[in-house]
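Right, one structure below, let's go through it.
The values are calculated or read from the model by the stated rules, or taken from the named source; none is laboratory data. It should be emphasised that the depicted structure is a prediction, and the values quoted were computed from it without experimental measurement. So basically every Cβ, Gly included, is an ideal-geometry build from the backbone, and we count neighbours across all protein chains shown. Ligands, DNA and RNA are stripped out before the accessible areas are found, and what is left, the full protein with its side chains, is counted by its heavy atoms. Shrake-Rupley method; radii C 1.70, N 1.55, O 1.52, S 1.80 Å.
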Amino acid sequence: MLLLRALLRRRRAPLAAPIPAAGFFTSSGCDALTPPPPPPLPRAPPAAEGTHDELGQQEDSLARRVERAASVCAAMRGWMAEGRAVHRGHVFHAVNRLRRHRLHRTALQVMEWIIRERPYKLSELDYSYLLEFTAKVHGISEAESLFLRVPQEYQKELLYNNLVMAALDLGLIKHSYAYMRKMRELSLPISQYVYNRMIILHSSPGRRKSISKILSQMKADRVTPHTSTYNILLKIQANEHNIDGVARVFNDMKRANIEPNEITYGILAIAHAVARLYTVCQTYVEAIENSMTGTNWSTLEILLILYGYLGKEKELKRTWEIMQGLPHIRSKSFILAIEAFGKVGSVDQAEKIWVNINSTKKLSLTEQFNSILSVYCRHGVVDKATAVFKEMRASGCEPNAITYRHLTLGCLKSGLVKEALNTMDMGKKEVVTKKVRSSTPWLETTHMLLENFAEIGDLENAKRVYGELSVSKYCRNSFVFNTLLKAYVKAKVYEPDLLRTMILRGATPDAETYSLVRLIEQFKI
């Protein structure tokens, strides 16, 4: 704290021309809000050799050498021994690659070498990198101490914003507020991405009331929200299965004349697909297709998910063919493709992808096995699901709660009710974390179990499964409660106050709800 006070006591004249910071929000929109994205950085500086993309992707790039070498110094010496200079562009791509792979200590060593050897004229950007990775590796006290040692001419907007971001990364909100007060004293503009990070840190249910205050302070500081700011707000509402909230945020975005991007439309489309509002979802899918820029793998992954929901097998195949032409396909992409082909009923295509990854990659993730299990169990192919389960155990992958959900569904689809109940009981032994319980695979598979119990009139188990769903916000979707009502109809059981219970769960009754309630009232004694 002594260093913090020393830092905040310093005075200097305000900047005449602040340096703008570029965006950082790169999430595909379907992922959780945490961990938060990296700090804001300016655009890549020009390099003397090749294009920016080439510098990062070349097999013999400095970025790859640093990542693979025994030490940073050895990589740098080897690079220069070949007669190559170390340019700012090389460092930019090396640092960003190391950040993506969370190799923060190596990134810090790169920047320490740059500051020490000075292969080019240093700028505020170089010191901002040094500050960022010092905080990540050694903590905020070391970052504060470093800030005080940085030459005065570099203590500008970017360095201050990175100091705030470093404090937020470590959850030190009081420190970040103190730095922001100092920036206001110096008339330094606060980055939009600082506020983005603060919103993310306050996105948990217990802290969410503070978001309105953060947005008010953002307005008071005359900071214009970025598209990514609204994407974060949309994602918060989508994670809560609050379609009205999603619509409200999107309307606010349009009123503020903030242009949506592919991520925005992806969040909107998936939120409506999960809520089974497929007509609206289709509108946003078309918006994604019209706003796509190049072959962005994250956008293509979103389209895999959406075409699966919408049952668009032709478009799904086309998108998967495009992804197969990319230089690298993520393991996650294979999982999404298998699940999507399962949703459109193309079991053969899902099997082909599974055979491909089974023969070319080492299967080490439970999620990989769960993906093909979801396909077989959705269609009641129990014998193949059993074989995959045995292979899963033999490979050393442990089944989780989602695995047993899939297997339970497969048994029900095949009419093996007793085996389904036994499998469901086995799944109860697995720890169901909050993350799993709020995940789409767990929620949707559990709802399919509810549908199957409703179809056979097993009200007891239908209520049991619904009780598990009611813990999540997924029950805000009216179709979930309507499925439970179908179980009452099939079992010919009357129960009062069903509508009241539904409303208390946060769901809004629709025409189907009232129709089902009238049918249930016929069984009133």
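Annotations
- Screening region 119-169 for residues that are open to solvent by 40 Å² or more (accessible area, probe 1.4 Å) and in contact (Cβ under 8 Å) with a residue 40 or more places away in the chain and picking the one that is farthest from the chain's Cα centre (by Cα) gives Gln152.
- All positions within region 358-398 that are open to solvent by 70 Å² or more (accessible area, probe 1.4 Å), of a type in the set (Gly, Ala, Ser) and assigned to a helix (DSSP H, G or I): Ser359, Ala394
- Qualifying residue in region 171-181 (condition: open to solvent by 30 Å² or more (accessible area, probe 1.4 Å), more than 32 Å from the chain's Cα centre (by Cα) and at positive phi): no
- The requirement of being under 19 Å from Glu444 (Cα atoms), in contact (Cβ under 8 Å) with a residue 60 or more places away in the chain and within 31 Å of the chain's Cα centre (by Cα) is satisfied by Arg378.
- Arg116 exposed (fewer than 15 other Cβ atoms within 10 Å of the Cβ) and closer than 17 Å to Ala94 by Cβ: yes
- Residue within region 422-438 that is within 35 Å of the chain's Cα centre (by Cα), closer than 16 Å to Ala275 by Cβ and either modelled with pLDDT under 90 or not basic (Lys, Arg) (or both) present: yes
- Members of region 399-442 found to be buried (at least 16 other Cβ atoms within 10 Å of the Cβ) and in contact (Cβ under 8 Å) with a residue 60 or more places away in the chain, listed by number: Ser438, Pro441
- All of Val86, Val91 fail the test of being open to solvent by less than 20 Å² (accessible area, probe 1.4 Å), in a helix (DSSP H, G or I) and either within 11 Å of Phe133 (Cβ to Cβ) or in contact (Cβ under 8 Å) with a residue 24 or more places away in the chain (or both), apart from Val91.
- Spans of helices (runs of 4 or more DSSP H) in region 261-310 with at least 2 residues out of contact with any helix residue (DSSP H, G or I) (no Cβ under 8 Å at 6 or more places or on another chain) and surrounded by fewer than 19 Cβ atoms within 10 Å (Cβ to Cβ): 278-291
- The C-beta contact set for region 186-207 (first residue under 13 Å from Tyr160 (Cβ atoms), second residue acidic (Asp, Glu) and open to solvent by 20 Å² or more (accessible area, probe 1.4 Å), distance under 7 angstrom, 6+ apart or interchain) comprises Ile190/Asp221.
- Test: residue in region 353-364 that is touching an Asp or Glu at 6+ places or on another chain (Cβ under 9 Å), touching a residue at least 12 places away in the same chain (Cβ under 8 Å) and closer than 21 Å to Thr446 by Cβ: no
- Output for region 213-253, where each listed residue is among the polar types (S, T, N, Q) and open to solvent by 50 Å² or more (accessible area, probe 1.4 Å): Ser216, Gln217, Thr224, Asn239, Asn251
- Lone qualifier among Val436, Val489, Val465 - being β-branched (Val, Ile, Thr) and over 30 Å from Lys235 (Cβ atoms): Val489
- Residue check, Leu421 under 28 Å from Trp320 (Cα atoms), out of contact with any strand residue (DSSP E or B) (no Cβ under 6 Å at 6 or more places or on another chain) and of a type in the set (A, V, I, L, M, F, W, C): no
- Complete set of residues in region 320-331 that are surrounded by fewer than 16 Cβ atoms within 10 Å (Cβ to Cβ) and within 16 Å of Gly308 (Cβ to Cβ): Glu321, Ile322
- Filter result (of a type in the set (S, T, N, Q) and under 26 Å from Tyr474 (Cα atoms)) within region 245-260: Asn251
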